[in-house]
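Take a look at the structure below.
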Amino acid sequence: MSAESLNLSREKRRAFRAGKFPEDIIKKDMIQETTYIVDCAAGTPNYKDFKVTEGMLLTKVPNDMTPPLEYCDLLVKINGTTVTCKREMQEAFYKLAKSQKPHYLSLTIRRIISVTRIEERNAPANASIRKPDRTDPKDDSIKPNRGYLYFKVVLIYFPRSKLGINVKSYGDVVYVESTDNSWGSTTRRFLYLGDAILKIDDIEISDVKTTQTAIRKGFQKNGIVTMIIERATDKRASSFVRNVINFSKVDPFIPRDVVMICAEQMARYEEQGFGEPVPIFRGYVKDYNTGRVSVTETIDFKKIRGDLLFPGSLMKVENDAKD
């Protein structure tokens, strides 16, 4: 996805680039200021490796600085000195690199904490803990209703970011099948493989199409969506989620009755043994027990015929011979 495909307004994009987000969604207690210390070699960092928006949101950093830096962190200070524009940032990095000495770089940033844990009592109606217990505790094809944690995830469509998520549906539950943890991904380190998406904004999720529509409409509305996810922590719940993620047409989940039939056949083979397979080739079969090459004592002399030559050309020519 891109900002153009989501039809974000020009005012909304400018506000996000300036680091201004809706205060009713991104509250002050969600913004955390942190200082990181980075060990830098002589001649680093290169100011060309950093890019920021008008509001000092980091959109590019050196590869060795992520982590701790994340996409669209708000840069506040460099070595304790406040920076308010791109030029001040470049000058600070240029002076540090010009010294040609190893040093420690202190970066103070502000980051929106987008993942918070919620209590089970606040989980939506389609959460596993809200569903009745399964009749057969040993039936692995039914999802357990215990062993989960619930989180509230706020996804922000930062400038030039990408969604970076693939989902799949199983049993009226939508799971995160894969995520993009590269730089610029909206879901970077927020969603894990196997997380169940229960709710997006005010819409309960039960299929992939509803998920796609809710995410697109949420981003188009204000550039931010709020998710309630269910994350497996118990051994049995994690095993079920892992089977769901691995389930596909190529390698489907094997039902219990098929496993039982296979076990019975294996027990019969171990008791009675495997029968000799019937050959399918009906023609002559050569016996390779004998040698393939035979040697006789008979010797035949054969003349090798060559091209006819003029005998005179084989005569020896004297050195003093003249034409």
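The values are calculated or read from the model by the stated rules, or taken from the named source; none is laboratory data. What you are looking at is a predicted structure, and each value in this text was computed from that prediction instead of being measured. Methodologically, a virtual Cβ is constructed for each residue, glycine included, from the backbone with ideal geometry; neighbour enumeration extends over all protein chains shown.
Being in contact (Cβ under 8 Å) with a residue 40 or more places away in the chain and among the β-branched types (V, I, T): is that true of V167 here? Considered against the rule, which asks whether it is in contact (Cβ under 8 Å) with a residue 40 or more places away in the chain and among the β-branched types (V, I, T), V167 comes out as yes. Would you confirm whether or not segment 40-60 contains a residue that is aromatic (F, W, Y), in contact with a Gly (Cβ under 7 Å, 6 or more places away or on another chain), in a loop (DSSP other than H, G, I, E, B) and within 22 Å of Y157 (Cα to Cα)? Within segment 40-60 (the criterion being aromatic (F, W, Y), in contact with a Gly (Cβ under 7 Å, 6 or more places away or on another chain), in a loop (DSSP other than H, G, I, E, B) and within 22 Å of Y157 (Cα to Cα)), the answer is no, since none of the residues qualifies.
Within segment 1-27, being in a loop (DSSP other than H, G, I, E, B) and at pLDDT 75 or above holds for A18, G19, K20, F21, P22, E23, I25, I26, K27.
Here N243 meets the list (1) modelled with pLDDT under 90; (2) not in a helix (DSSP H, G or I) almost entirely, failing just condition (2).
Can you find even one residue in segment 39-49 that is hydrophobic (A, V, I, L, M, F, W, C) and under 32 Å from the mean Cα position of the chain (by Cα)?
Within segment 39-49, one or more residues are hydrophobic (A, V, I, L, M, F, W, C) and under 32 Å from the mean Cα position of the chain (by Cα).
Taking residues in segment 11-39 that are at positive phi and of a type outside the set (D, E, K, R), and partners anywhere that are surrounded by 14 or more Cβ atoms within 10 Å (Cβ to Cβ) and not in a loop (DSSP other than H, G, I, E, B), the pairs with Cβ atoms closer than 9 Å and at least 6 places apart or on different chains are G19/L57; G19/L74; G19/R110. Looking at segment 247-259, is at least one residue under 24 Å from the mean Cα position of the chain (by Cα), of a type in the set (S, T, N, Q) and either within 20 Å of K131 (Cβ to Cβ) or at pLDDT below 90 (or both)? The answer is yes; a qualifying residue exists. Counting only residues that are over 16 Å from F158 (Cβ atoms) and in a helix (DSSP H, G or I), segment 193-216 holds 8 of them. Residue count for segment 104-135 under the criterion of being among the basic types (K, R) and within 19 Å of L58 (Cβ to Cβ): the result is 2. Checking each residue in segment 98-147 for being hydroxyl-bearing (S, T, Y) and out of contact with any strand residue (DSSP E or B) (no Cβ under 7 Å at 6 or more places or on another chain) picks out S99, T135, S141. Note on segment 186-232: residues that are of a type in the set (F, W, Y) and surrounded by 19 or more Cβ atoms within 10 Å (Cβ to Cβ) total 2. Filtering segment 118-132 to residues that are surrounded by 10 or more Cβ atoms within 10 Å (Cβ to Cβ) and either within 19 Å of G171 (Cα to Cα) or of a type outside the set (V, I, T) (or both) leaves E120, N122, A123, P124, N126, A127, S128, I129, R130, K131. Is it true that some residue in segment 53-75 is at pLDDT 90 or above, over 29 Å from the mean Cα position of the chain (by Cα) and within 27 Å of F190 (Cβ to Cβ)? No, the conditions are met nowhere in segment 53-75. Exactly one residue among S99, S114 is surrounded by 12 or more Cβ atoms within 10 Å (Cβ to Cβ), among the hydroxyl-bearing types (S, T, Y) and either closer than 30 Å to E230 by Cα or out of contact with any helix residue (DSSP H, G or I) (no Cβ under 8 Å at 6 or more places or on another chain) (or both), and that residue is S114. Within segment 17-52, if we keep just the residues that are closer than 15 Å to N222 by Cα and in contact with a Leu (Cβ under 8 Å, 6 or more places away or on another chain), the residue that is surrounded by the fewest Cβ atoms within 10 Å (Cβ to Cβ) turns out to be G19. The listed residues are N79, N63, and the only one of them that is outside the structural domain of D172 (by TED's automatic domain parsing) and closer than 28 Å to Y192 by Cα turns out to be N63.
Each row is one residue, and each column tells you yes or no for (1) among the acidic types (D, E); (2) touching an Asp or Glu at 6+ places or on another chain (Cβ under 8 Å); (3) in a loop (DSSP other than H, G, I, E, B).
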site	(1), (2), (3)
L191	no, no, yes
G218	no, yes, no
T226	no, yes, no
S239	no, yes, no
V259	no, no, no
A263	no, no, no
M266	no, no, no
P279	no, no, yes
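Looking across segment 101-129, the residues that are assigned to a strand (DSSP E or B), within 29 Å of the chain's Cα centre (by Cα), more than 19 Å from T82 (Cβ to Cβ) and of a type outside the set (K, R) come down to I112, V115, T116, I118.
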